[in-house]
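I'd like to ask some things about the structure below.
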Amino acid sequence: MRRVTVAGCAVVLLGAGIGVRAQNPPRPAFEVASVKSSAPNPGDFMSSIPRVTNSNGRLTATNLPLRLLVRIAYEVNDFQISGGPADLLAAKYDITAKAEDGAGVTPKDVMAMLRSLLIDRFHLETHTESREMPIYALMVARADGKLGLDLKPSTSDCVGKEAETQKRLEALAQGGAAAAMSLLTGPPIPCTMLPAARGAGSFGLRGNGQPIASLMQLLTQATGRTVVDRTGLAGLYDFELRFDAEIMLRLAAQAGVNVPVAPANLPPSDSPALMTALQEQLGLKLDSTRGPVDILVIDRAEAPAPD
């Protein structure tokens, strides 16, 4: 393929006396999309849990706060969002949307379409700023590089298993409270990262066939700081990290879950604090430092017109 420089193109166009007006390419968009306010009283705790699926060019979101929709669409964490009307960002919506050619649409394409939907239906306007902020560096705790007992190289074959795993999780999501409890207490599902429960007041997270980046994502959400990888660990890992239930409740609240119990009313927990658990169980540690963090600033957002 021949490469033509921008400068070369400019010379040719100016020499030929051709006037060129820059045009923005059309934004990717769903073929059809429905946006509705979520039911104000879903009935029970399980029905109130936000759910989202993204496969084959179809996006289905139930009970998702607008703030979480923005987080998903722009791939940012909660602490990376600034501004916007608080009441509207907390309001929950149900979205059903379909791309024109589902077979050739990737999950990344669907995220671009979701951004377009937020712009079109919620009149969302944003800009990004880079701010110097406290961050964490994830490192191996021991000088000899030995890992903790609960972090091991994975034997799971996860190549091309995304669709299969998604179908299994969707089936469990339809199974009600019993199926949800099996996710927390049953054997790990290959190639997933899911919450885990180990008795009263003991919560955590189990990863199977996951890169260290997946653990970093959890730590970023749990600490409210960007976590950068300085472990040098490549490949996929299985791990289980058990920590105080208050952290899990805080993460659930960020996702818009109506948490049924306040942290002060939790039963006693023998799970350690996050930093201690990370070092004792996985052999990793977080070192505090500073670095640039991209912040998504919401300049405008409005409630959508009814379908």
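Please treat every number below as a calculation from the coordinates, not as lab data. These numbers were taken from a predicted model, which means no experiment stands behind them. Cβ sites come from the backbone with ideal geometry, for glycine too, and all protein chains shown count toward neighbours.
Label-point separation (nm) for THR276 and ALA39, each offset 7 Å from Cα along Cα-to-Cβ?
So the two model labels end up 4.3 nm from each other.
Moving on. Could you sort the peptides 287-299, 113-125 by per-residue average Cβ neighbour count (10 Å cutoff), highest mean leading?
The packing order, highest mean first, is 113-125, 287-299.
Compute the distance in nm between two label points, each set 7 Å from the Cα along the Cα-to-Cβ direction, one at MET133 and one at ILE119.
2.4 nm
First measure r as the distance between the Cβ atoms of ALA143 and VAL228, then evaluate 1/(1 + (r/R0)^6) with R0 = 22 Å and state the FRET efficiency to the nearest 0.05. It would help to have the intermediate numbers written out before the result.
Working: r = 20 Å, r/R0 = 0.92.
Result of the calculation: an efficiency of 0.60.
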